[in-house]
Amino acid sequence: GAGVSQSPRYKVAKRGQDVALRCDPISGHVSLFWYQQALGQGPEFLTYFQNEAQLDKSGLPSDRFFAERPEGSVSTLKIQRTQQEDSAVYLCASSLGSSGNQETQYFGPGTRLLVL
Amino acid sequence: AQSVTQPDIHITVSEGASLELRCNYSYGATPYLFWYVQSPGQGLQLLLKYFSGDTLVQGIKGFEAEFKRSQSTFNLRKPSVHWSDAAEYFCAVKGYSTLTFGKGTMLLVSP
């Protein structure tokens, strides 16, 4: 079946520009996660949704970062007034549920953001 | 808070040789542990996972990992490496709701 998809795959933004990154999770997956992966590093947690509720946003680096999942399916990560340090790969993952084996996270291909 | 350490930044293995990638974790309770692989420009693919039960876990592509609670390790192994295994490998531990990843180990395969 279809996996997690993300768009765009690549985004070049000028410093100060706003960007929006989209994630389509696996159909029926309740939980959705956003991670940021800087060059040469492992992914780092940004935020987590269960259905439409944002249960944890402790990893968002500043108030310029905002995520939503209004209908409990597609999610958008928005970055306002982008800075060069925002350049990274943004990964989305989804999981079927929140207990036991259902917690396995499946990742999309990521959006590579470059801020000039 | 949980943490993961992957001591080796790069490892080079000859094709056909055996492989072991190290992972040390820190977590207060019984951990859920994962290994993911990332090829250049790609997302993360799940290789295997440990939730409970048998401490030797089998995964895809001929990989296995062994959970050792006393040593806080979850090392990844493969008996015979193929050139297509060249990629970056990430170990992760699950906390309350999220995954904490190590910095990754880049595997290079020489002919």
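The values are calculated or read from the model by the stated rules, or taken from the named source; none is laboratory data. Keep in mind that this is a model prediction, so the values were computed, not measured. Note that we place each Cβ from the backbone using ideal geometry, even for glycine, and neighbour counts take in every protein chain shown. Surface areas here come from the heavy atoms of the whole protein model, side chains and all, with no ligands, DNA or RNA. Shrake-Rupley method; radii C 1.70, N 1.55, O 1.52, S 1.80 Å.
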Which residues of segment A:36-50 end up with at least 50 Å² less accessible area in the presence of all protein chains than when their chain stands alone, using a 1.4 Å probe? A:Pro43
Once phi is turned into θ = phi - 60°, what whole-Hz ³J(HN,Hα) does the Karplus curve with 6.51, -1.76 and 1.60 give for every residue of segment A:30-37, x standing for Gly and Pro? 7, 9, 9, 10, 10, 10, 10, 10
Write down the Å³ per residue value for the convex hull defined by the alpha carbon atoms of the protein assembly as shown. 123 Å³
Other chains' Cβ within 10 Å of A:10-23 residues: what's the mean? 0
Sort B:Thr30, A:Thr104 from largest to smallest accessible area, using a 1.4 Å probe on the heavy atoms of the protein chains. B:Thr30, A:Thr104
For the interface of chains A and B, what total accessible area is buried with a 1.4 Å probe, rounded to the nearest 100 Å²? 1600 Å²
Solvent-accessible surface (1.4 angstrom probe) belonging to B:Val81, in square angstrom, nearest 10: 0 Å²
Please turn the phi angles of segment A:60-67 into ³J(HN,Hα) values with the Karplus equation 6.51 cos²θ - 1.76 cosθ + 1.60 (θ = phi - 60°), one per residue in order, whole Hz, x for glycine and proline. 5, x, 7, 6, 7, 9, 9, 10
So for chain B: antiparallel DSSP bridges make up what percent, rounded to the nearest 5? 85 percent
Once the whole set of protein chains is in place, how much accessible area is left on A:Lys14, using a 1.4 Å probe, in Å² to the nearest 10? 150 Å²
Tally Lys/Arg at +1 and Asp/Glu at -1 over every other residue whose Cβ is under 15 Å from the Cβ of B:Cys23; what's the total? +3
Sequence of B:Ile9, B:Ile60, A:Ile26, A:Ile79 from largest to smallest accessible area, 1.4 Å probe: B:Ile9, B:Ile60, A:Ile26, A:Ile79
In whole angstrom, how long is each semi-axis of the equivalent ellipsoid of segment A:28-109, when you take the square root of 5 times every eigenvalue of its Cα gyration tensor and sort them from largest down? 22, 15, 10
What Kirkwood Rh does segment B:3-110 have if only Cα atoms enter the pairwise 1/r average? Answer in Å. 13.8 Å
Work out which residues of segment A:84-116 lose at minimum 50 square angstrom of accessible surface when the other protein chains are put back, relative to the chain isolated, with a 1.4 angstrom probe, and list them by number. A:Glu103, A:Thr104, A:Gln105, A:Phe107
Of the heavy-atom accessible surface of chain A (probe 1.4 angstrom), what whole percent is carbon and sulfur? 47 percent
Give me P(r) over segment A:1-68, computed from all C-alpha to C-alpha distances, binned every 10 Å, as integer percentages. 17, 48, 31, 4
Return one whole number: the accessible area per residue of segment A:5-115 in Å², for a 1.4 Å probe. 47 Å²
I'd like the distance between the alpha-carbon centres of segment A:31-50 and segment B:1-79, rounded to an integer number of Å. 19 Å
FRET E, pair B:Leu56, A:Val12, Förster distance 45 Å, beta-carbon r, rounded to 0.05: 0.50
Can you list the residues, at least 5 places off or on another chain, whose amide H is less than 5 Å from the amide H of A:Asp56, using H built in the peptide plane? A:Tyr48
Can you run phi through the Karplus equation (6.51, -1.76, 1.60; θ = phi - 60°) for segment B:44-59 and list ³J(HN,Hα) in whole Hz, with x for Gly and Pro? 9, 10, 6, 8, 6, 8, 10, 10, 5, x, 4, 7, 9, 10, 9, x
For segment B:72-93, list whatever residues lose no less than 20 Å² of accessible surface once every protein chain is in place, relative to that chain by itself, with the probe at 1.4 Å. B:Phe90
